[in-house]
Amino acid sequence: MSKLAARVGTRSDGPQAPVTYEIPRDVVAEAIVNAVAHRDYASNASVQVMLFADRLEIWNPGQLPSPLTLAALRKPHPSIPHNPLIAEPLFLARYIERAGTGTLDMIALCREANIPTPEFKQEIGPFMQIIRRPESQPESKAQVTEQVTEQVKRLLLVLGDSILPGNEVMLKLGLLHRPTFLYAYLHPAHKNALIEMTIPDKPTSRMQKYRLTAKGRAWLTSRSDK
């Protein structure tokens with residue numbers, strides 16, 4: 001098993017260096033809290049958190065409470081605590097909600113981070129939550145050049161003919177969470193050579209700004225021609 005990677009940035013925005021996790025931290029926390037809150041405490045089995053090269057798996061003993069199904073976890077559903085006496089203090093401590101929104105929050109956060117949404121499985125023994133890690137294998141050049149996500153498209157449209165600092169781009173995108181901006185918008189666009197830095201030899205400079213490359217402008221032009 002490998003360690004869960006994190007990207008550490010600079011202290012340009014404050015005394016603490018920002019950290020961007022390849023799997024959103026709130027997704028991992030929600031999955032572990034779910035496992036603790038809803039496990040079968042009559043079982044001697046343990047909650048297991050296992051990290052592999054391509055995924056994170058959280059297992060807990062027990063079955064989904066009726067009438068919940070695996071499909072229902074991906075849609076708005078009622079909160080049916082398996083262990084009410086444990087769920088109540090977790091709710092009061094603000095670890096969980098009563099509205100049954102935990103799995104939906106996990107799905108939304110993964111989509112926002114541009115990684116696969118969680119998988120929920122019910123085997124004979126444990127209930128399993130599987131969160132896929134971003135592809136760690138190098139992609140071919142052709143794959144990279146064709147990869148324009150919805151977040152990257154929004155970034156390109158916001159930049160247009162402008163040359164803007166990162167905080168202004170965030171403002172125009174309506175984003176408040178800097179790690180999301182870096183991980184889901186800026187890094188993929190830069191990786192695919194759709195944007196470039198104005199000070200490439202000093203990537204962490206507080207004077208850094210971003211603009212479209214020729215490839216990014218070509219994409220924007222092709223979009224306007226449609």
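What follows draws every value from the coordinates through simple rules; no lab data is involved. The model shown is predicted, which means the values in this text are computed figures rather than measured ones. Reconstructed Cβ throughout: ideal geometry from the backbone, glycine too, with neighbour counts over all protein chains shown.
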Label-point separation, LEU104 to GLU88 (7 Å along Cα→Cβ), nm: 2.6
Projected label distance in nm at PHE52 and THR198, using a 7 Å step from Cα toward the beta-carbon: 4.7
Cβ charges +1 (Lys, Arg) and -1 (Asp, Glu), total dipole of segment 138-224, debye: 120
Estimated FRET transfer efficiency when R0 is 35 angstrom, pair ILE80-GLU112 (beta carbons, to 0.05): 0.85
Computed lengthening from HIS177 to ALA214, 0.36 nm per intervening residue step minus Cα-Cα distance: 10.5 nm
Sequence ranges 73-82, 178-187, 111-120, ranked by mean other-Cβ count within 10 angstrom, highest first: 178-187, 111-120, 73-82
Pair ILE32, ARG132: separation of 7 Å Cα→Cβ label points (nm): 2.4
